[in-house]
Amino acid sequence: MLMLLDGHAMVYRAWYAIKTPMTVRSTGQEVRGVYNFAQMLRRAIDTFRPDQLAITFDLPSPTFRHKLFPAYKAHRPEMPQELREQFPLVRRLVESFQIPIYELEGLEADDLLGTLSAQAEAEGIEVMILTGDTDVLQLVSPTVRVALQYRAGERIVFDQDKVAEKYGGLTPEQLIHLKALRGDPSDNIPG
């Protein structure tokens, strides 16, 4: 099984799951996102026992969505500087585990998750995607499952039946149409 990690979503969840700042005594650097990300990664590996791992990250540059719709994510608050400073540390941690990192100008981590899961699926490889983003549920298939991280220690694994249960009988493919009709307030997209 291939486990794909949504790096940005996981680091955000890790950061916000711990309310009290954690700092390195000698430097004063904030590390709660790094610490909790490492805990989440360890638990995921222990739980799912993947044969292979890969992680995707967003880059700070605009994506093709920003070019198509300039108001995309326009209302989101700026990332706290203390959190921003932890991403290089998380990258170093991931590199030390020799986990491949995927990121590409103009695309989001979600886009890369979709591409990697489709490639694995075409090769007959089972996929588990670990994320905190419900947009990724559209990728669920007979061989792709999504472990949706709600809090640091709480996740629900979605297969096709679980998606149908949560969304009133809709299939993962139909979630795309639902989002197009309803819009997505979290991304500032009108219906």
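The values are calculated or read from the model by the stated rules, or taken from the named source; none is laboratory data. Only a predicted model underlies this, so the values are computations on that prediction, with no experimental measurement involved. Glycine gets a Cβ as well: all are built from the backbone with ideal geometry, and neighbour counts include every protein chain shown. These area figures cover heavy atoms from the full protein model, side chains too; ligands, DNA and RNA do not enter into them. Shrake-Rupley method; radii C 1.70, N 1.55, O 1.52, S 1.80 Å.
Before moving on, here are some points about what is shown:
- Every condition in (1) in contact with a helix residue (DSSP H, G or I) (Cβ under 6 Å, 6 or more places away or on another chain); (2) not in a loop (DSSP other than H, G, I, E, B) is met by Leu148 except one, and the failing one is (1).
- Scanning region 105-120 for residues that are in contact with an Asp or Glu (Cβ under 8 Å, 6 or more places away or on another chain) and open to solvent by 30 Å² or more (accessible area, probe 1.4 Å) gives a single hit, Asp110.
- Here is the figure for region 86-137: residues that are over 17 Å from Pro50 (Cβ atoms) and assigned to a loop (DSSP other than H, G, I, E, B) total 9.
- Once region 15-36 is narrowed to residues that are assigned to a loop (DSSP other than H, G, I, E, B) and in contact (Cβ under 8 Å) with a residue 24 or more places away in the chain, the residue that is most open to solvent (accessible area, probe 1.4 Å) is Pro21.
- Any hit, region 58-67, residues being over 22 Å from Thr134 (Cα atoms), at pLDDT below 85 and small (Gly, Ala, Ser): yes
- Which listed residue, of Gln138, Gln149, is touching a Gly at 6+ places or on another chain (Cβ under 9 Å), buried (at least 19 other Cβ atoms within 10 Å of the Cβ) and either at pLDDT 85 or above or of a type in the set (Asp, Glu) (or both): Gln138
- When residues in region 152-181 are screened for being in a strand (DSSP E or B), surrounded by fewer than 20 Cβ atoms within 10 Å (Cβ to Cβ) and modelled with pLDDT under 90, 1 of them pass.
- Sole residue being touching a Lys or Arg at 6+ places or on another chain (Cβ under 8 Å) and within 14 Å of Leu89 (Cα to Cα), chosen from Ala38, Ala14: Ala14
- Just one of the listed residues (Gln39, Gln81, Gln98, Gln52) is on the phi > 0 side of the Ramachandran plot, open to solvent by 40 Å² or more (accessible area, probe 1.4 Å) and modelled with pLDDT of 90 or more, and it is Gln98.
- Meets criteria (outside any helix (DSSP H, G or I) and aliphatic (A, V, I, L, M)) for Met3: yes
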